[in-house]
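Derivation of every value follows stated rules applied to the coordinates shown; laboratory data play no part. These figures come from a predicted structure and were not determined experimentally. We place every Cβ from the backbone using ideal geometry, glycine too, and count neighbours over all the protein chains shown.
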Amino acid sequence: MRGVLFDGKRAEVVDDLQVRDPGPGEVLVAVSAAGLCHSDLSVIDGTIPFPAPVVLGHEGAGVVEAVGAGVTHVVPGDHVALSTLASCGTCAECDRGRPTMCRQAIGRPGKPFTRAGRPVYQFASNSAFAERTVVRAVQAVRIPEDIPLTSAALIGCGVLTGVGAVLNRARVGFGESVVVIGTGGIGLNVLQGARIAGALRIVAVDSNPAKEAVARRFGATHFLTSVDGVREVLPTGADHVFECVGRVELIRAAVDLLDRHGQAVLLGVPAATAEASFLVSSLFLDKSILGCRYGASRPQRDIALYADLYREGRLLLDELVTQTYPVEDFEKAAADAEAGRVARGVLTF
Ligand SMILES: [Zn+2]
Ligand SMILES: [Zn+2]
């Protein structure tokens, strides 16, 4: 079968991958569509270290093809969106509603694929850039069949991360103020999360003025090309600032823009060794800096919720897909994403 393989040096489309059958508690999914997220490119450029060879892709949607023993929540033929969270469902963190903190779900890459008899790693417990993939039952979330799979493919990373950061981690309240630095795939989802949460002022900041229209479409009430102008809109600062770029000077700016009791949420991914600085005294008035893994999501609940919000027209998915590409055009899709020409490219199979 076809898939996008990274061999440690370069990524290429291959057609001789195989995937094993689903074991107990696993689901085999025929992937229909998969979003190209910056994290896939970060594996290629080394920002995210990952063992190779590996099948890339980590946000996808498709149709259940087979289920392993003990799987009852989906059956072959069901449409599913995939999460990257291979949580165990039985540990103390899972039990308290924090599956993103499950130690089983972090840093234990499996090898369900083979190529020429050699095992191939699975990226983010997912590898959606393949015609078929095997995931844990908890990762396959049933979605209504009237949702286009090219749109549903985006829920599993960008939407869970961005909207989840607003609703689950920051818990933005009605009438509060939000600043979103960076309006790529994650930033746009933070914007619509803030709109859904009922934030009053939602300031989008992006150095590219061409992003204004889409930022406003997703929920921005103001658009600026630099963080320097934020104080003119919010003189006392913001209740929540989301850094979605991953640059240390913007992380510093996020802290500096906080109002009293404000919180800076760090979603951008700088190099693993990057250090940021801030004035300690600037945090004294009950301010905080929050990390956030995968939108503090509970995928079985959240993906179903976002699917319902989409059907009500309150969560935008189709507008996130700026271009679809057959998987063979992976290189073009990657180049477009790298150059910021698309909010989100989607590969189809
Ligand atoms: Zn992603
Ligand atoms: Zn667990």
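Of the residues S177, S281, S87, which exhibits the maximal mean-square fluctuation in a Gaussian network model of the chain defined by a 10 Å Cα contact cut-off?
Fluctuation is largest for S281.
With springs connecting C-alpha atoms under 10 Å apart, model the chain as a Gaussian network and identify which of A271, A105, A254 has the largest mean-square fluctuation.
A271
Restricting to DSSP H runs of at least four residues, report the calculated mean residue ellipticity at 222 nm for the chain, -39500 (n - 2.57) per run over all residues, nearest 500 deg cm²/dmol.
On the way: 10 runs with 76 residues, N = 349.
After summing the helix terms and dividing by the residues of the chain, the value is -5500 deg cm²/dmol.
Figure the gain on full extension for V13 and A272 (residue separation times 0.36 nm, minus the Cα-Cα span) and round it to one decimal in nm. Could the numbers behind the result be given before it?
On the way: separation 259, 0.36 × 259 = 93.24 nm, distance 2.77 nm.
Difference between extended and current length: 90.5 nm.
Quick check on the exposure proxy: order E59, E312, E93 from fewest to most C-beta atoms within 10 angstrom. Show your work: numbers first, answer last.
Values: E59 32, E312 7, E93 16.
Ranking E59, E312, E93 by Cβ neighbours within 10 Å, fewest first, gives E312, E93, E59.
Within 10 Å of each residue's Cβ, count the other Cβ atoms and sort S277, S151 from fewest upward. Walk me through the numbers on the way to the answer.
On the way: S277 10, S151 24.
Ascending Cβ contact count within 10 Å gives the list S277, S151.
Assigning unit charges at the beta carbon (Lys, Arg +1; Asp, Glu -1) and nothing else, what dipole magnitude in debye, to the nearest 20, does the chain show about its Cα centre? Don't skip to the end; give the middle numbers.
Values: 34 positive and 38 negative charges, 151 e Å.
Dipole magnitude for the chain comes out near 720 debye.
Rounded to the nearest 10 degrees, what's the angle between the helix 185-197 long axis and the longest principal axis of the chain, both from Cα atoms, 0 to 90?
60 degrees
Which whole-Hz ³J(HN,Hα) couplings does the stretch 90-97 yield from phi under the Karplus relation 6.51 cos²θ - 1.76 cosθ + 1.60, θ = phi - 60°, glycine and proline marked x?
10, 7, 5, 5, 4, 5, 8, x
Hey, could you pull the Cα Rg and Dmax for the stretch 162-292, both in Å?
Rg then Dmax for the stretch 162-292, in Å: 13.1, 37.
Averaging sequence separations of C-alpha pairs under 8 Å and six or more residues apart, then dividing by the length of the chain, give the relative contact order as a whole percent.
Working: 851 pairs, mean separation 64.5, N = 349.
Once normalised by length, the contact order is 18 percent.
Select from the stretch 213-295 those chymotrypsin sites (Phe, Trp or Tyr not before Pro) which occupy a DSSP coil region and have at most 15 other Cβ atoms within 10 Å, ordered by residue number.
Values: sites: F218, F223, F242, F278, F284, Y294; in loops: F278, F284.
Passing both the DSSP loop test and the Cβ count: F284.
Quick one: among G60, G97, G268, which has the greatest mean-square fluctuation in a GNM of the chain with alpha-carbon springs under 10 angstrom?
For the chain, modelled as a Gaussian network with Cα springs under 10 Å, the answer is G97.
Per residue, how much space in cubic angstrom lies within the convex hull of the C-alpha atoms of the chain? If you can, show how the numbers build up before the last one.
Working: hull volume 43.4 nm³, N = 349.
Per residue, the Cα convex hull of the chain comes to 124 Å³.
Sum up the charges of everything whose Cβ sits under 11 Å from the Cβ of I143, counting Lys and Arg as +1 and Asp and Glu as -1, but leave I143 out. Provide the component values of the computation, followed by the final result.
Working: positive: R142, R311; negative: D78, E145, D146, D308.
Residues near I143 contribute -2 overall.
Kindly put K211, K111 in sequence by how many other C-beta atoms sit within 10 Å of each C-beta, fewest to most. Walk me through the numbers on the way to the answer.
On the way: K211 22, K111 15.
Ascending Cβ contact count within 10 Å gives the list K111, K211.
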